[in-house]
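Data first, discussion second: the structure below is written as structure tokens.
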Amino acid sequence: MDYVSTRGSAPALDFEGVTLTGLASDGGLYLPREWPRFSEQEIAAMAGLSYVELAVRVMLPFVGTSLTEDELRDLCTRAYGRFAHAAVTPLRQLDEQHWLLELFHGPTLAFKDVALQLLGRLFETFLARDGGRLTIVGATSGDTGSAAIDAVAGRENVDIFMLHPKGRVSDVQRRQMTTVLAPNVHNIAIEGSFDDAQAMVKRMFGDPALTARFHIGAVNSINWARLVAQVVYYFAAALQLGAPARKVAFAVPTGNFGDVFAGYVAARMGLPIERLIVATNVNDILHRALSSGDYSAGEVTPTAAPSMDIQVSSNFERLLFDVGGRDGAALAEQMRGFEASRAMQLTNSQRQGAAALLSSARVDQHEMARAMSWAWDSCGELLDPHTAIGLHAARQADIAAETPVVTLATAHPAKFRDAVERATGMRPSLPTRMGDLFEREERYVELPGEYEAVAAYVAEHATPSA
Ligand SMILES: *Cc1c(COP(=O)(O)O)cnc(C)c1O
């Protein structure tokens, strides 16, 4: 299996290469040259597999010769052994049509653990093999940072620099990052928004002053290996609800379009998905793009669902490439236009290709709070704000009554206790394994929102690759 860039001119790489690379050298994102496909019989035969065995089945075609099946199984066993629920991603029924897929049983209480626990182990395996070192740079709106830090803290051969927008992540989210005191972990609070932080990280990948001395790697969902790990739970949920004989719809609280793109990949691999419902908060660039073709970035409005407070959605480029005929040169030009003016129009083929599987909804704070109180009052479930946005979109969507609709529960409610308490009157408690989070020592630096300051900090504190 080899991987090509959405902008058409970077060299093709194998799975190991894309795992260690992040952004392609032409500014694009890597995708498999073609989609592996399972037949209906092959999918039916997956029913009843354990999560780890299912993960091996679904991911193996993407891994190619970079790992043996046994190596992949061993990495999955260790990654998913850290989850607090034996089913890893259990399903929970809300009413006759609606289900929650609980993705928050990992060490840092958000779905990002599903991918990052595996990615940390992939880095370790590949680096040990060829003796390299990796400098991971990442931007987080809250949950990626803690999940990535947990996944690589104390590991040999890796340094991690995590940028978060100062004051715009929840106390629990910040402390989950800043109380990890391992010497290879560097937390940086910057002035500005998540988009500012993400733009700086993207720039580091193309900055010769850094790339000459350090092997820069990514843990954001521009990293292909992350998306592959997320494809697995779409299969897990759909199989439990009757796939491949019955179609299932998914509602996905969306920011950087990684999680929902994994659902798109599952559909391309043959999983019968009725519809993917892309739920945004008031930062609704994706809803505007999917409903009217207008992909133009506005200002970021901070909300109670900070992991969705995003205007520029990196993985959307992967969708545009795949539904728009896989023309790298044309997409490179379209994206250059967007980068210059922060606005672009989707082409007709991009719009039609996306509309065949995806619909979208914009959910404001009142609708989010109503979904939270409905789930609590009618089902006895406390939802975090991101999940509540997904559930509201799921309940509004026009899906036939016999088709199950699964909302991805992307974070544990205790990560966002204030917002949950405002909507329901209940204050969720942290799981006991996190109990002393508020007593632990914190360590981080504050830097201005200027690229030079952040790049200089990384250059000073990272270990050169050779
Ligand atoms: C990251 C995150 C999202 C958004 O996921 P994307 O893959 O960026 O679309 C939604 N909810 C929570 C809780 C998250 O941490």
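The values are calculated or read from the model by the stated rules, or taken from the named source; none is laboratory data. Here the structure is a predicted model, which means the values were calculated and not measured. Here Cβ is always computed from backbone atoms with ideal geometry, including for glycine, and neighbour counts include all displayed protein chains. Ligands, DNA and RNA are stripped out before the accessible areas are found, and what is left, the full protein with its side chains, is counted by its heavy atoms. Shrake-Rupley method; radii C 1.70, N 1.55, O 1.52, S 1.80 Å.
Some values worked out for this structure:
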{"quantity": "Residue tally, condition within 13 Å of the ligand (Cβ to nearest atom), of a type outside the set (A, V, I, L, M, F, W, C) and over 17 Å from the mean Cα position of the chain (by Cα), over region 131-180", "calculated": "2"}
{"quantity": "Qualifying positions in region 281-315 - charged (D, E, K, R), within 14 Å of the ligand (Cβ to nearest atom) and either assigned to a helix (DSSP H, G or I) or out of contact with any helix residue (DSSP H, G or I) (no Cβ under 8 Å at 6 or more places or on another chain) (or both)", "calculated": "D284"}
{"quantity": "Pairs, first away from the ligand (no atom under 16 Å from the Cβ) in region 79-104, second open to solvent by 40 Å² or more (accessible area, probe 1.4 Å) and assigned to a loop (DSSP other than H, G, I, E, B), C-beta under 7 Å, six or more apart", "calculated": "Q97/A401"}
{"quantity": "Entirely in region 345-403, the helices (runs of 4 or more DSSP H) that have 2 or more residues that are touching a residue at least 40 places away in the same chain (Cβ under 8 Å) and within 15 Å of the ligand (Cβ to nearest atom)", "calculated": "365-379, 385-396"}
{"quantity": "Given (1) away from the ligand (no atom under 16 Å from the Cβ); (2) outside any helix (DSSP H, G or I); (3) aliphatic (A, V, I, L, M); (4) within 21 Å of L119 (Cβ to Cβ), index of the condition I222 fails", "calculated": "(1)"}
{"quantity": "Selection from region 18-50 of residues that are out of contact with any helix residue (DSSP H, G or I) (no Cβ under 8 Å at 6 or more places or on another chain), in a helix (DSSP H, G or I) and modelled with pLDDT of 95 or more", "calculated": "E40, Q41, E42, A44"}
{"quantity": "Residue identified as more than 14 Å from the ligand (Cβ to nearest atom) and of a type in the set (A, V, I, L, M) among A212, A251", "calculated": "A212"}
{"quantity": "Filter result for the condition that a residue is within 15 Å of the chain's Cα centre (by Cα), part of a strand (DSSP E or B) and either at pLDDT 95 or above or crowded, with 22+ Cβ neighbours inside 10 Å (or both), over V265, V278, V260", "calculated": "V278"}
{"quantity": "Inter-residue pairs, beta-carbon under 8 Å, first over 14 Å from Q334 (Cβ atoms) and free of Cβ contacts under 8 Å to residues at least 24 places away in the same chain and in region 296-320, second among the aromatic types (F, W, Y) and in a loop (DSSP other than H, G, I, E, B), 6+ apart", "calculated": "none"}
{"quantity": "Scan of region 418-427 for residues that are within 14 Å of the ligand (Cβ to nearest atom) and open to solvent by 10 Å² or more (accessible area, probe 1.4 Å), ordered by number", "calculated": "A419"}
{"quantity": "Unmet criterion (only one of (1) touching a strand residue (DSSP E or B) at 6+ places or on another chain (Cβ under 8 Å); (2) within 18 Å of G142 (Cα to Cα)) for Y233", "calculated": "(2)"}
{"quantity": "Selection count where residues are over 20 Å from I222 (Cβ atoms) and within 12 Å of the ligand (Cβ to nearest atom), scope region 109-130", "calculated": "1"}
{"quantity": "Qualifying residue in region 202-213 (condition: touching a Gly at 6+ places or on another chain (Cβ under 8 Å) and surrounded by fewer than 19 Cβ atoms within 10 Å (Cβ to Cβ))", "calculated": "yes"}
{"quantity": "Among (1) out of contact with any strand residue (DSSP E or B) (no Cβ under 9 Å at 6 or more places or on another chain); (2) among the acidic types (D, E); (3) within 16 Å of the ligand (Cβ to nearest atom), the one test that E441 misses", "calculated": "(3)"}
{"quantity": "Flag for R92 being in a loop (DSSP other than H, G, I, E, B), under 23 Å from A55 (Cα atoms) and open to solvent by 30 Å² or more (accessible area, probe 1.4 Å)", "calculated": "no"}
{"quantity": "Selection count where residues are in a helix (DSSP H, G or I) and open to solvent by 10 Å² or more (accessible area, probe 1.4 Å), scope region 51-79", "calculated": "13"}
{"quantity": "Residue list for region 19-50, restricted to those being open to solvent by less than 20 Å² (accessible area, probe 1.4 Å) and small (G, A, S)", "calculated": "G22, A24, G28"}
{"quantity": "Matching residues in region 134-178 - criterion: being over 16 Å from Q117 (Cα atoms) and in a loop (DSSP other than H, G, I, E, B)", "calculated": "T140, S141, G142, N157, K166, G167, R168, V169, S170"}
{"quantity": "Evaluation of L319 against (1) away from the ligand (no atom under 16 Å from the Cβ); (2) within 20 Å of I222 (Cβ to Cβ); (3) crowded, with 18+ Cβ neighbours inside 10 Å (one fails), failing number", "calculated": "(1)"}
{"quantity": "Residues that are crowded, with 24+ Cβ neighbours inside 10 Å and in contact with a His (Cβ under 9 Å, 6 or more places away or on another chain), drawn from region 385-403", "calculated": "L391, A394"}
{"quantity": "Candidates D159, D113, D143, D130, filtered to the one that is open to solvent by 20 Å² or more (accessible area, probe 1.4 Å) and either more than 26 Å from T301 (Cβ to Cβ) or not hydrophobic (A, V, I, L, M, F, W, C) (or both)", "calculated": "D130"}
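Okay, residues lined up against (1) crowded, with 18+ Cβ neighbours inside 10 Å; (2) modelled with pLDDT of 95 or more; (3) more than 27 Å from A414 (Cα to Cα):
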| residue | (1), (2), (3) |
| --- | --- |
| A251 | yes, yes, no |
| S314 | yes, no, yes |
| V323 | yes, yes, yes |
| Q334 | yes, yes, yes |
